[in-house]
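Taking it in order: structure first as structure tokens, then the write-up.
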Amino acid sequence: MPKAAKSAFDPKLFLAKVGQGKAILKFDKNQVVFSQGDAADAVFYLQKGRIKVLVVSEQGKEAVVGIMEPGQFFGEGCLNGHPLRISTTVAMEQCLITSIAKSAMLVVLRAEPKFSELFMAYLLSRNSRIEEDLIDQLFNSSEKRLARLLLLLANFGTDGATQPISAKVSQETLAEMIGTTRSRVSFFMNKFRKLGFISYNGKIEVHSSLLNAVLYDKPEIVRDD
């Protein structure tokens with residue numbers, strides 16, 4: 001009898017199911033996924049929720065360096081020879097995460113081109129985001145950095161619709177991410193609301209006018225520092 005054809009590999013299905021070297025983990029709000037200095041032996045894929053990435057200096061100063069969204073990988077530094085975690089990741093809300101052991105990750109990357117393409121696309125997108133963040137930090141005012149961060153957190157597209165920020169993000173966290181003080185963030189948030197760029201209705205809602213102000217560098221958003 002002829003052998004049955006091998007079913008096509010589905011990367012999303014692979015990431016959604018428990019298997020050899022894989023586990024599906026649930027984390028509650030404020031629960032730590034891994035801490036800076038922990039052994040780096042697995043890659044994680046975020047199915048649901050949001051993850052805050054932070055680093056702590058030798059002097060004990062803490063800074064938020066990113067927020068991970070559903071569909072993103074994190075902890076992939078273990079594939080590059082990093083034996084220890086260089087950051088701490090914390091659930092901002094209830095999260096569903098796929099944990100993939102380093103050995104299992106390497107096997108599927110070599111064996112499955114579709115998965116390799118998915119992972120490579122993520123890495124390229126993240127690299128581009130890091131470059132944009134660096135340029136933003138070097139050349140833009142803290143006001144414009146906040147505007148861009150709000151647009152990113154809201155996953156704002158070009159359809160012009162109002163976009164809510166699903167996770168509750170404190171002004172302290174926003175300040176850490178753009179390198180300014182909470183009082184400055186509070187000032188800019190109130191300014192944005194008065195100008196109609198954002199609104200509060202339990203959660204922050206971002207309007208297309210904020211996108212236009214960033215894209216066309218309107219005078220409402222100018223250098224302040």
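The values are calculated or read from the model by the stated rules, or taken from the named source; none is laboratory data. Owing to the predicted nature of the structure, the values given are computational and were not obtained by experimental measurement. Please note: Cβ atoms are built from the backbone with ideal geometry, for glycine as well, and neighbour counts cover all protein chains shown. These accessible areas exclude ligands, DNA and RNA; they are computed on the full protein's heavy atoms, side chains included. Shrake-Rupley method; radii C 1.70, N 1.55, O 1.52, S 1.80 Å.
Taking 0.36 nm per intervening residue step and subtracting the Cα-Cα distance, what contour gain separates residue 135 from residue 168 on full extension?
9.3 nm
Given Cβ point charges of +1 (Lys, Arg) and -1 (Asp, Glu) and nothing else, what value in debye, to the nearest 20, does the dipole of the chain about its Cα centre take?
600
When the helices in the chain are scored as -39500 (n - 2.57) per DSSP H run of 4 or longer and the sum is shared across all residues, what 222 nm value do you end up with, to the nearest 500 deg cm²/dmol?
Helix-only estimate at 222 nm: -11500 deg cm²/dmol.
Just the accessible area for residue 139, please: 1.4 Å probe, Å², rounded to the nearest 10?
Approximately 140 Å² for this residue.
From a point 7 Å beyond the Cα of residue 121 in the direction of its Cβ, which residues of segment 95-115 have a backbone N at a distance under 17 Å?
109, 112-115
Taking 8 Å as the Cα distance limit and 6 or more residues as the minimum spacing, I'd like the relative contact order of segment 12-135 as a percentage.
Reported relative contact order: 34 percent.
Where in segment 87-119 does the label zone of residue 18 land, with the point 7 angstrom along Cα→C-beta and an amide N cut-off under 11 Å?
none
Between residue 26 and residue 194, 0.36 nm times their residue separation minus their Cα-Cα distance comes to what?
Stretched out fully, the residue 26 to residue 194 stretch lengthens by 56.5 nm.
If the chain between residue 110 and residue 80 were fully stretched, how many nm would it gain, using 0.36 nm times the residue separation less the Cα-Cα distance?
9.3 nm
Name the residue from 34, 124, 139 whose Cα lies farthest towards the positive end of the charge dipole of the chain, charges +1 on Cβ of Lys and Arg and -1 on Cβ of Asp and Glu.
Positive-most Cα among the choices belongs to 34.
Beyond 28 Å between alpha-carbons counts as too far, so tell me which of 29/194; 22/114; 61/102; 29/203; 48/191 fall in that bin.
In this structure, 29/194; 61/102; 48/191 exceed 28 Å between Cα atoms.
Going 7 Å from the Cα of residue 102 along its beta-carbon direction, which residues of segment 29-54 have the amide nitrogen within less than 16 Å of the resulting point?
34-44
Given a cut-off of under 8 Å on Cα pairs at least six residues apart, what relative contact order in percent is computed for segment 63-216?
In percent, rounded to a whole number, it is 22.
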